[in-house]
Each structure stands twice: as structure tokens, then as C-alpha cells.
Amino acid sequence: MKLNKLWLASVIVAVAAVLSTMISAPSSAKNPQGDGKSDGDVQRLGGSWILTANIEGQPLIHALITFSRDGSFVETAAAPGVSTGHGAWSKIGRRKFSLTNVYLRLDTGGQFIGTSKVRADFEVDKNLGEGSGRFETEVFDADGNLLDTFGGTAQATRIEGEPLE
């Protein structure tokens, strides 16, 4: 049961990483405002997203991800035993991104027991408001030894500002 909880936490981290990938693009683009709009083949995807990840046979994983224009991101998963994830993204094609995210894994007492590294490929729609992709997570113990590897898919939706009416 303890390994299942750690595995689930690692999965959540992986899903968050996938969402992160779809959210950001390099800042060396033609559109210096970084306003989320496309300028030719360059997309500015900085902002916050709601992510849902799926690993076959497991409950859905939910997370929030915020991407920066400098190629970094931070993700918070709704899962026990996993820290906030920190990562980096890069553009690999038109509306296609690659990302790597690292999380600290903690036992029930809050002690460090290892890390999870999530790598993902993600593609956003032409309106830059939704995206989907696949991810792979590697789970390591505190000494850096690989314990497990698993993958899945994720979907994300951009969080838009809504006026109070």
C-alpha cells in the first residue's frame, strides 16, 4: 500500500509535467509581449493551466501549472507525498513542446525518500487554450536508484481571467 501511494504521487507529478509542456514557449520569439498569442510559428504560452492526467487503471490526477516565458514552470499536484514540481520546457515544433519536471517524494512523516522526474511531449490547439499529450515518469530512491517507470496521457485547459459581474 505504501508503494502504491508513492507511485500515485509520482504519477500526479508526471501529469503536471505534461501540462507544463503545453503551456510555455521560448522567449526568443518575435512577439516580445508574451501575451499568449501566436506570431508566425512562435507561441507565447505563459500562464496558468488546469491539468488532468490519466494512467491506465489509476484514478485521475489533478494539478495546476504555471509557465513562465523564460522556459521554466512550477506545478502543484493534488497528491500527498509529493512536493511542488519545478521544471523547464522548450519548443519542439509548431504548437508542440517538450518538458522535464522534477518533484521531491516524501514519506508520511515528511522525510525525503527520493525524486520523480517527468518528461513529456505536449501539443496545444490553434487557439492556445487547450492541449494534450503523453508523459513518462521515472521514480528514484533517495540514492538516485531507479525504482519504477510509468507513463500516461494528460489534457489541460488554460485558466482565463473572468470579470466579476
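So here's what we get for this one:
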| item | result |
| --- | --- |
| Hits in segment 122-153 (condition: polar (S, T, N, Q), over 18 Å from the mean Cα position of the chain (by Cα) and under 19 Å from Gly81 (Cα atoms)) | Asn145 |
| Inter-residue pairs, beta-carbon under 9 Å, first touching a residue at least 12 places away in the same chain (Cβ under 8 Å) and at positive phi and in segment 109-121, second surrounded by fewer than 17 Cβ atoms within 10 Å (Cβ to Cβ) and acidic (Asp, Glu), 6+ apart | Gly114/Asp141; Gly114/Asp143 |
| Within segment 87-165, strands (runs of 3 or more DSSP E) holding 1 or more residues that are closer than 14 Å to Ile65 by Cβ, of a type in the set (Gly, Ala, Ser) and open to solvent by less than 50 Å² (accessible area, probe 1.4 Å) | 112-124, 130-141, 146-158 |
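The values are calculated or read from the model by the stated rules, or taken from the named source; none is laboratory data. Predicted, not measured: the structure shown is a model, and the values here were computed from it. Glycine gets a Cβ as well: all are built from the backbone with ideal geometry, and neighbour counts include every protein chain shown. For the accessible areas, the whole protein counts, side chains as well, though only heavy atoms, and no ligand, DNA or RNA atoms are used. Shrake-Rupley method; radii C 1.70, N 1.55, O 1.52, S 1.80 Å.
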